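First comes the structure, then the notes that go with it.
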Amino acid sequence: MIQKGYKAVTAEEAVKVIKSGDRIHLSSVATAPQILIKAMCDRGRAGEIRDIKIHHLHTEGPAPYADIEFEGIFQLNSFFVGHNVRRQTQAGYADYIPIFLSETQRLYRDGYLKVNVAMVQVSPPDKHGYVSLGTSVDATLAAIEQADYVIGVANPNVPRALGDAMMRMEMIDIWVEDNTPLIEAHFDEPDDVEQLIGKHAAALVEDGATLQMGIGALPNAVLHQLEHHKNLGVHTEMFADGVLQLVEKGVINGAAKCIDKGKMVATFLMGSHKVYDFIDDNPGVLMMDVAYTNDVNIIAQNPKVTAINSAIQVDITGQVCADSIGTKFFSGVGGQIDFIRGASLSKGGKPIVAMPSETNKGISKIVPVLNPGAGVVTTRSNMHWFVTEFGSVQLYGKSLQERAKLIISIAHPKHQEELDKAAFERFGPHYHFIQSKVSII
């Protein structure tokens, strides 16, 4: 597998380059190098290393280094709290660095964080001496550039993605071989509420729009409603299986984009092997550095950028909590504000925040004030469109009292009276005289 005289070693041999006190970067999502993670943890368990700081974005698969077992040996300070480290982070055994996704690469390139060892997974070298980072470029390319040592796992299951994902094999210092299939991410089908939200959000998408949306059932619900649209483009931080059908039908073709015309642009992927196969050697997909995909000025160059992001809680003035449940971190800042701002500056752009009006337990997610400790990811001044299963409202340019009436109008009906009372207590008797034209689709 390894060409041009590069000799592969075992994972156990490769991780011997790690020494106590080092800072480690792990590649993200499906390309998290599990074979190296296991070997590193074995060294920690044997007492050979300690005081190791680990950084990464969301990863799929086991993350044992975050467990209490490794207290004092490994300290995870992630850039995004994924499901596999959420419990440990909420318990305090792992920690989180609040950071815009666009700026995660700056932490390395501008020297805020040192990288002693970058551990990544790549495609095998091609005949020209290039490898690909496959499904995850994000901040990993920056880590590779700045690391003292780069350990690369050459795995034929890593797709040969193009764009910034391609790099010279000489950028890797130590090679390991593996043939383990990449972990797949599967998402539930949209439920009735999510389908309604998808319908309302999709109604805001115009022909020729450039899309950004996240992962899961809600984005899929939006995508399912776009089959009759024309000339949609994709410039996003990530995409999953939901876009494939629209590509096959010619709905997504990038024809109306101003930059990267005809190309789908992302910085990481989550999905099934269909997605991995789709990007393999596909010149229609560019896997780019997060400094490019999430740059507000780059995003804004495309027309009608329609950014659809989710929320955990929204208050009646339009403040959006998207990273925590009260004081308990659930995810991270991610790229939401990068794309909210980018879409707002795009000609004809539409920043959209969409969420169910209440939790599965019937608790309203629209609230008079955010829960104590809740983090504001998107500020009220950045809010434009807000969507629930009961419709969509445009908040940009609206006063606080007008916003309250609009937001409450798409809350669950059983919570509207209580929210309206809270708004009256907050704003005074004039609140009842506010007349707002509510746009409900």
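Kindly list the number of the only condition in (1) among the β-branched types (Val, Ile, Thr); (2) over 23 Å from the mean Cα position of the chain (by Cα); (3) surrounded by 22 or more Cβ atoms within 10 Å (Cβ to Cβ) that fails for Thr180.
(3)
Give all pairs with beta carbons closer than 9 Å in which a residue from region 28-53 that is farther than 22 Å from Asn157 by Cβ meets a residue that is among the basic types (Lys, Arg) and part of a helix (DSSP H, G or I); count only pairs at least 6 apart in sequence or on separate chains.
Arg43/Lys16; Glu48/Lys16; Ile49/Arg43
Kindly list, by first and then second residue, each pair from a residue in region 168-187 that is closer than 11 Å to Val122 by Cβ to a residue that is of a type in the set (D, E, K, R) and assigned to a loop (DSSP other than H, G, I, E, B), limited to pairs with Cβ atoms under 9 Å and residues at least 6 apart or on different chains.
The qualifying pairs are Met169/Lys4; Met169/Asp126; Trp175/Lys7.
Any residue at all in region 338-347 that's more than 22 Å from the chain's Cα centre (by Cα) and under 29 Å from Asp295 (Cβ atoms)?
Yes, the conditions are met somewhere in region 338-347.
Scan Gly284, Gly271 and give me the residue that is under 20 Å from the mean Cα position of the chain (by Cα), of a type outside the set (Asp, Glu) and under 22 Å from Leu133 (Cβ atoms).
Of the residues listed, the single one that is under 20 Å from the mean Cα position of the chain (by Cα), of a type outside the set (Asp, Glu) and under 22 Å from Leu133 (Cβ atoms) is Gly271.
Take the residues in region 105-127 that are among the basic types (Lys, Arg) and part of a helix (DSSP H, G or I); name whichever of them is nearest to Ile174 (Cα to Cα).
Arg109
Read-outs throughout are calculated quantities, based only on the coordinates presented, and are distinct from any laboratory measurement. Small disclaimer: the values here were computed from a predicted structure and weren't measured. Because the Cβ atoms are built from the backbone with ideal geometry, glycine has one as well, and the counts that use them run over all protein chains shown.
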